[in-house]
Structures are given as structure tokens and as C-alpha cells.
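Q: Before I ask anything, here is the structure I am working with.
Please treat every number below as a calculation from the coordinates, not as lab data. Note that the structure is a prediction, hence the values are computed from the model and not measured. Cβ: placed from backbone, ideal geometry, glycine included. Neighbour counts: every protein chain shown.
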């Protein structure tokens, strides 16, 4: 019986090539300095998702319905947004805890900061104090009013953790982002004043990170923590949050269900209360193929976010064949694949000429079909490529714009000058889930005579090894960091930032980050950021950015009102503006 | 006297079971701690993507008790196993492991039980049929079914079948698991395919073993005597040959339990079943020490218990086996 189904299925199935792949850009175009503009015309081939539904006031959003989304795993750490930034958590956390904290990334333009739990804010003249005025219509899901004391509790817990007797609660993993906070004061009845150790004109930008979600109600957690239950998590208190949806049910390994919170404060442009949906069901599907099957047979309205679940060209074939116009594809700029060097470990790569040679040699364009499933583009690292909304961090002249054969000739010359014309052997830390990228690098470097030894490791070992000095090179994480200030953790000196992709102790990098903090205008910030990128990727070549992935998430076309961020899949996961047109 | 010997035998077997489980738990504990990797970094980095400081990492390590001496950690875990907490809490999500076990175990138990029952119903008659029709078309047909069952990895078959179902029928199993007492129809729809796949794999072994042992037994003298007496062939096969062939068949079934449990690992992930297998694999990958220790120790205990039960079944199915011989039989697997 099974064999019959198998054979019949294979006979009846057929393969259609994807039309107009996103990555189909010729090498000639890559040296065109105005390629950014051409990319707009080529990108994307699929209809983008429907920001117009929010802005177009003639559309009448329908209320009701349950949105069914895939989630790539159980949210870890008891749904605690201070413990982990896992997308398995944040895909759900947006609905429960909201898209931000006092502020959020604007839905229309994620590079701008919009009010959320605070209705306004202002700095002092020296930008060392920021005062936030809270909304007075924000309630927790148990209908307790949200107050400035909640903000103070949350910030102190995130920055300092807690000690009760001999029990300890660790600070938040993102405490480094908030380490400039010296003091948090409550100014009754509705204000919070945050004093910084050093002035920072762009502090709200840092706060607007969607990972920084307030999931810790003081009135529920503080008494229990003071009684010794310091490790209490949001799950322990029934996931009481501030977001548009409240907790209904959680069956680990199976499903998370949330329902509309009737007392939610956000309204649309017409004054209608959000959210439109009655609820959301997040079905836990850890296997990407199982997700594809469920979506293609109509059991899901939207796909999961997270590496592995994002679609490739091959997988999209099945979607378009089975669903035709009933499916659309959201595209989000994702993480970068790169090669980062440990220059604190002795080896040929300590010579800058070797690193430059490798950077010139790699054919970055070919990484897009080979590694990224056809979706992505070559770009310097950490450049938010929001083509449609904001170009403030874009319009960046690319590095190494000569044709490939010229670059490779230069590379050979540099290797010769460095005394390694016969090549050498070099290790590479390779995550088991990303072996394609590792194999790509290995194949590329063979031509230069470099034998890249792949050390393939699982996730448990990855998280130990990448912060150590044991390896020669590594790919770095797939993190997305839309603002420059968030990058010191990954580009800084090893002694300050053990998570840094490249291990170095270059104090010049410190100087750039100091300048960034002291910048007084956006233009000045952009200029310093570009200088830093040039220093890291060109002058010193500590890191070779190769290509940036474009994450593709499927949605049924009856799902309207999605606000898909141009990058960072953690953004806009509240789904407050989503409605179902069926 | 005989009852005393059985009681004595049972007592020492139970002592041996507990001792073996304890030793296994120590080995599991040591092996997990020796593995490279860091669960704390995994938690804080969100699966390897976010940055965090060394201070936060050390603080969380202390909070989770991972800075305590290894003996203290083992002792704490062992006590929680004994007092019903099943190992304490998951390091990854803080869930009580007892709740994880009580939630996941029934899913895997149902899956395995359905597969075993179906395998017995299907494989023993097929094995008898193949043996009685040796080298005829019935025998060849049975072998045609069982060889792929043994050769193909079950996850491979699963994916082919799921894709075939989509392409032909535009249908896939439900994606939300329910227990049979919650929604029987949904339960059947979601569990049917993995059960059939496990049954196919499991019963393929049993069919071949049944066929082989029946072919051995039918040449015994007592079978020739039964034929000489004029007994019908069916009566000879079922009342005499099968009963004597059952001993090794039951052995294989018991040994197959380990295979069955491992077979559920990937199938649970593919079909979205929230069972022990998928949970164990995920916990191992991220070094959730307490969950892995507890679940593996539990599985060891279950396997040893099943072996003990099988040994006792020998005694019932074959009175010739004495208690002193039984030890030899159980370890020789014959």
C-alpha cells in the first residue's frame, strides 16, 4: 500500500522552476554603483505583504477569526523574555507582551521609534536623563493598571538581577544593552526618569529593541521573589502580559493559544480597538518539512519564523503549485553569513594580507543560490536594507567592486607577498545546522590553496566554542542588528565582548564606538558607522561579510494587515493589526 | 519449594534491576557532563544568536545550580527521582520534569503499544502463513512486504508517504495532537500513519523470525508423530509448532522494544507528536542535563523491567525451562 502511494505520488508530482529568482543579479550589475536602485526593480518577484491594508482607509478590516501560525518550537525559559531571545519565544511573545516596552519600532518604518507604553518622552539638555510619560490606559491581562513602578521593577530586574538570601536571579541577557542606565526613578503619577552614566542622544533607539519586552508584572512577581522564588518565570504566573492577546492554553510540544485582550489600549486610525482577531493558535512544528505539508494542505495560515523554517526556492515550488494565488510570501532581511577570524590565535590569518586575500577571493554572489536557498544579496554586514521606506543606513558603496578575476589575481599576489603561495590549513567552527555555508567556504578557499578544516558541532558545543579562543575562524551568529549601537557585542574587543565574531583586541574599534555614543546628529552617526564598517571589513578585514539572507515566510492571502519588518524577524510579532479576509 | 524459588529468583532480579538502573544513571550523569557544550550559553543566546556577558552567564549558572559540586548535583537529582519529582526541573524552561514525563510518556506509550499490538496481530499469522507455504507465492509476497520494512528507515518512508498524500489527496494529518479520550477521531487521524510505519518495521522482523522458527520446529520428531497420528495440518501448526516457536519470538519482541522506542524519535518530530522521543532528542542537543538524565534513566528502567517480564513469560510459555536454565535462555536470547 505504501509503495503504491509512493510511486503514484512521484509519477503525479511535477517540478516547476521558480520564475525570476530574487538573487538573479549579474556580476556586471554588481559593479554598478547605482545597483541599489536596480535592486529595487528586481526585488522582490513575489507580491510583498500588505502594509497598504493598514494605510488604505477605504479597506474595512473584519473582526474575528483565529489565526493559525506555525511556531518552530516550544518557547524556552518559561516564556521569560529576560532569559532568551529565541525566535520560538518571540514569535509568540509579541502577542502576549506587546511589540515593545516604553517605546517600539514604528510599524510603518522600523528604523524610527514610536510610542508604545509611554505616550511621550523627553531628554534633559545634556541627554543624560530621559523622562518617559506613561499612558494611563494600559492594563495587565488581569486588569491591573500598568504603572511606573512596573517599569522600575522591570528595569532593575533586567540590569541587576536579584539576590534573596543565598538565592540569586541572574540579570537579563540583554543587560549589556542597558548597562548605561545608572538609575531609574518613579515620578508620580505617570512618569519614569532614567538617568544614564553617559549622555546618549539615541537612547530610545536602544530601548526600542523588540526583544526588550515587559513580561514581569510587579504585583504578581515581586511578592513571590521576595519569598525566595527568585527564578519565577512568566509561565509560572499564567503569562499575564500587556500585549493585544492574553493567554488561553499551552500544551508543550503541541500548541499555544491566545485570545483577544478586550482591554487592550491600541486603536487603529479609525478609532477601532485592536486587535481585530479573536485569537491566535501557534502550532508547534519543529520539522520544516512537516510545516510545509501542513501549510500546503490548508492547516496553517502562516509559517514559522526561525532559521530552518524560512523557505528556499525549492520549497516555494510546492507552495505555489498547490496554492497558487492563495499564498503570499513575506520577505525579511535576515542574518549574514560571514567568515570571522580569531587573530588572537597564532596562524597565517594573523597577517592582514592573508585576510584580504581571502576576502578578495570568495565569490560572494555564488553564496546566494548555494547557501541561502536563492534568497539574499551581497552586502556589508549590518546594513539595514530597507529599500522601500528608509535609506538612512543604505546607499553604501560596496567593497571590492572589481570583476572577480581581477580580485582573485590580487588575492594571489597578496598570498605570495605574505609567503603563502602554496596555501595552508585553517580550522573553521561549523554549526551542524549550517553545514552548507561551511562547505561553500571550504570549496571557495580550495582555489586559493587553503584547506579549510571543518569542525562540525551541535548547538550545545556551538554556544561554548564561539565565545572561546579555541577556533581559527567561525561564521558568527545569524543575529540581525539594525542599529549600530547594538553591534559592539559582536564587533568589539574580545576582553569586553567575548561573543564577538572576530577575536581581537584592537582598541581602535573602541574609539569608533565611543564616537558613535558621542554623535549628536543622525548624519554624524551614519558617517562614523560607515568608517567603522570600512575599518572592520576592509582596512583590517577582521570579518568578511559574504551575503545576507532574505528570510521568506509564507502566509495565506486571506491574512491581511500584516506589518512585515524589512529586517529582524523579531519585529512586529504582535499581530495586532492582522485580520482575516474570509 | 517451587514457589520459594520463584520468589527468591524474583527478589534478586528486582535487586539487580535497581542496581543496574542506578549504575546506568551514574554513567549517564558523567557522560552528559563530559560532553562539550554549554546549556547556559544556549539559553541566553536564544539558540546561538544573541550576545550576553560573562557575568550574566555565570550568574545564571549559579542560579541553576550548575556551579555546585558534581556530587551535590547528582545527589540532588537522585533524591528528586526517588521522591517523585522525576529529577526536578528542566534547565531550559523550568518545567517540572514530572509534568514532562506525565505528558510525554502516554503519547509514546500509546504509539508503541498500538504498534506492538498491531504487529502481533499481523506478523504471527503472516509468519505462520509464510512458513506453511514455503517457496510458494504466499511466501514470496510476505517477503516482498517485509524486506522493505526492515530496510527502509521509517522517517524516509514517512516523508515519502506524507508527500504522496499531499500530491494525490491534498491531505495531511492533523497538526495538533489530542489524546484518545479528548478527541478520538483526531487522535486516530494523527497517530494512524506513525503507528502503521512502526508496525511495518517491527512486524517485518517478527514475521521473518516466526517463519524461521516454525520451519525449524516442523522438522522435530513430535511434529512428525503428530502428522503420523493424522492430525490436521492447521492443528499441528497452531497447537504444536507455534507454541514451541513462541519462546524465541517473544524474546525478539521484547528486544525489539528498544528499537521501537528509538524508532519513535524521528517519527514524533515529523508527525508532531509530543512524545518522549522528540523531547529527549531536543534536550540532549541543548544539554538539558536534568531532563536527559531523568528520561534516559526512566527508559533504562522500563527496558530492564520488560526484560524481567519476558523472562517470567518464558516460564509460562515453556514449562521445560527451569529457573536455573532461564538465566541462560534470557541472556542468550533463545
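Q: Could you work out which residue, out of B:155, B:29, B:11, moves most in a Gaussian network model of chain B, that is, has the largest mean-square fluctuation with Cα springs under 10 Å?
A: Of the options given, B:11 has the highest mean-square fluctuation.
Q: If I fit a long axis through the Cα atoms of helix B:137-151 and take the longest principal axis of the Cα atoms of chain B, what angle between them do I get, 0 to 90°, rounded to 10?
A: Compared with the principal axis, the helix lies near 20 degrees.
Q: Taking neighbour counts of Cβ atoms within 10 Å as a proxy for exposure, in what order, fewest first, do A:415, A:426 appear?
A: On the way: A:415 26, A:426 21.
Ordered from fewest to most neighbouring Cβ atoms within 10 Å, A:415, A:426 come out as A:426, A:415.
Q: Please find the FRET efficiency linking residue B:70 to residue B:105, where r is the Cβ-Cβ separation and R0 is fixed at 30 Å, and quote it to the nearest 0.05.
A: Working: r = 28 Å, r/R0 = 0.93.
After rounding to 0.05, the efficiency reads 0.60.
Q: Now for a different question. Ignore the peptide's own chain and count Cβ atoms of other chains within 10 Å of each Cβ in A:72-81; give me the average, rounded. Walk me through the intermediate numbers first.
A: Values: counts 1, 2, 6, 1, 11, 9, 6, 2, 3, 0.
Per residue, the number of nearby Cβ atoms from other chains is 4 on average.
Q: Just counting partner chain Cβ atoms within 10 Å, what average do the residues of peptide A:281-291 show around their Cβ? Kindly include the intermediate steps, with their values, before the conclusion.
A: Numbers: counts 2, 0, 5, 5, 5, 7, 9, 0, 6, 10, 2.
Whole-number average of other-chain Cβ neighbours for A:281-291 is 5.
Q: Relative contact order for chain B: what percent, with Cα pairs under 8 Å and sequence separation of 6 or more?
A: Values: 326 pairs, mean separation 84.4, N = 334.
The normalised contact order for chain B reaches 25 percent.
Q: As an exercise, use a Förster radius of 22 Å and the Cβ-Cβ distance of residue A:66 and residue B:182 to find the FRET efficiency, rounded to the nearest 0.05. Walk me through the intermediate numbers first.
A: Numbers: r = 19 Å, r/R0 = 0.84.
Approximately 0.75, to the nearest 0.05.
Q: Still on this structure, please answer the following. Between residue A:508 and residue A:321, what is 0.36 nm times their sequence separation minus the Cα-Cα distance? Round to one decimal in nm. Please report the intermediate quantities before stating the final value.
A: Working: separation 187, 0.36 × 187 = 67.32 nm, distance 5.32 nm.
Length difference between fully extended and current span is 62.0 nm.
Q: 222 nm [θ] for chain A, helices only, -39500 (n - 2.57) per DSSP H run of 4+, per residue, to 500?
A: -8000 deg cm²/dmol
Q: Using the Cα atoms as the points, what is the convex hull volume per residue of chain A in Å³? The partial results should precede the final answer.
A: Numbers: hull volume 98.6 nm³, N = 582.
About 169 Å³ per residue, rounded to a whole number.
Q: With a point put 7 Å past each Cα toward its Cβ, work out how far residue A:344 is from residue B:255 in nm, to one decimal.
A: 5.3 nm
Q: If you average the C-alpha positions of the range A:443-502 and of the range A:213-287 separately, how far apart do those two centres end up, in angstrom?
A: Going from one Cα centre to the other spans 35 Å.
Q: Looking at the protein assembly as shown, send over the antiparallel percent of its DSSP beta bridges, to the nearest 5. All intermediate terms of the calculation are to be shown ahead of the outcome.
A: Numbers: 55 of 72 bridges.
Antiparallel bridges: around 75 percent, rounded to the nearest 5.
Q: Taking Cα atoms, how many degrees apart are the long axis of helix B:70-82 and the longest axis of chain B, rounded to 10 and kept between 0 and 90?
A: 50 degrees
Q: What does the highest-first list of A:64-73, A:158-167 look like by mean Cβ count within 10 Å?
A: Details: A:64-73: 21.6, A:158-167: 14.6.
The peptides rank, most packed first, as A:64-73, A:158-167.
Q: Order of A:529-535, A:87-93 by packing, highest average Cβ count within 10 Å first?
A: Numbers: A:529-535: 18.4, A:87-93: 26.3.
So the order, starting with the most tightly packed, is A:87-93, A:529-535.
Q: While we're on this one: Using a 10 Å cut-off around each Cβ, can you sort A:83, A:260 from fewest to most neighbouring Cβ atoms? Mind dumping the intermediate values first?
A: On the way: A:83 26, A:260 22.
Ascending number of Cβ neighbours within 10 Å: A:260, A:83.
Q: Is the shape of the range A:333-550 rounded, prolate or oblate, going by the alpha carbon gyration tensor and its root eigenvalues a ≥ b ≥ c, with a/c under 1.5 for rounded and a/b larger than b/c for prolate?
A: Here the range A:333-550 falls in the rounded category.
Q: How well do other chains shield peptide A:455-468, expressed as the mean number of their Cβ atoms within 10 Å of each residue Cβ?
A: On the way: counts 0, 0, 2, 7, 10, 13, 7, 8, 14, 8, 4, 3, 7, 1.
Going residue by residue through A:455-468 and averaging, the value is 6.
Q: Take the Cα pairs of the range B:18-158, get the Kirkwood Rh, then feed it into Stokes-Einstein at 37 °C and 0.692 mPa s and tell me D in µm²/s.
A: 165 µm²/s
Q: Another question about this same structure. Report, to the nearest 10°, how far helix B:289-317 tilts away from the longest principal axis of the Cα atoms in chain B, using its own Cα long axis and a range of 0 to 90°.
A: So the inclination is approximately 20 degrees.
Q: Of the candidates B:121, B:191, B:214, which one comes out as most mobile in a Gaussian network treatment of chain B with C-alpha springs shorter than 10 Å?
A: Judging by the Gaussian network model, the answer is B:121.
Q: Right, here's the next one. Tell me, B:294, B:157 in order of fewest to most beta-carbon neighbours within 10 Å? Working shown, then result.
A: On the way: B:294 27, B:157 21.
Ordered from fewest to most neighbouring Cβ atoms within 10 Å, B:294, B:157 come out as B:157, B:294.
Q: Cut-off 10 angstrom, C-alpha nodes, Gaussian network model of chain B. Which of B:206, B:28, B:175 fluctuates the most?
A: Ranking B:206, B:28, B:175 by mean-square fluctuation puts B:175 first.
Q: Efficiency by 1/(1 + (r/R0)^6): what FRET value for residue B:231 and residue B:27, r their Cβ-Cβ distance, R0 = 51 Å, to the nearest 0.05?
A: Numbers: r = 53 Å, r/R0 = 1.04.
The computed FRET efficiency comes out at 0.45.
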